[in-house]
1. I'd like the Karplus ³J(HN,Hα) series for segment 18-25: coefficients 6.51, -1.76, 1.60, θ = phi - 60°, whole numbers in Hz, and an x wherever there's a Gly or Pro.
2. Using the beta-carbon distance between Y57 and T92 and R0 = 41 Å, what value does 1/(1 + (r/R0)^6) give for FRET efficiency, to the nearest 0.05?
3. When the label point is put 7 Å from the Cα of R25 along its Cα-to-beta-carbon vector, which residues of segment 57-92 have a backbone N closer than 18 Å?
4. Under the Karplus relation 6.51 cos²θ - 1.76 cosθ + 1.60, θ = phi - 60°, what is the ordered set of whole-Hz ³J(HN,Hα) values for segment 68-81, x standing for Gly and Pro?
Amino acid sequence: MTLAITIGVLVFGAVFLMLQRGLVRIILGFVMLGHAVNLMLMSAGGTFRRAQPLLGYTSADTASDPLPQAFVLTAIVIAFSITIYMLTLAATGTDDDTEDAS
């Protein structure tokens, strides 16, 4: 129940920040949404109900599914690279009012 509330709060905060005008706030909203999705993927793996995903320590029947953990690890790397790219675009962006009208 606590995990679902945490995911809901993160999604609410992400949507709120993405609806703001500033580019940095939009980027922070995307970061928060990424964290919410990572938590949702981890909860889909059922790690709280099962044992470690290592087959040397537990049997295959009680081991948790390691695939959502691999998805989350991949999502963290992708979200980090997209965040760096968007922050770079925000830092080097130009204002349209300063360009010549001719």
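Read-outs throughout are calculated quantities, based only on the coordinates presented, and are distinct from any laboratory measurement. Note that the structure is predicted; figures quoted are calculated from it, not measured. All Cβ positions, glycine included, derive from the backbone under ideal geometry; neighbour counts span all protein chains shown.
1. 6, 8, 7, 8, x, 5, 5, 5
2. Values: r = 49 Å, r/R0 = 1.20.
Efficiency, rounded to the nearest 0.05: 0.25.
3. 87, 90-91
4. Coupling constants for segment 68-81: x, 5, 5, 4, 5, 4, 5, 5, 5, 5, 5, 5, 5, 5 Hz.
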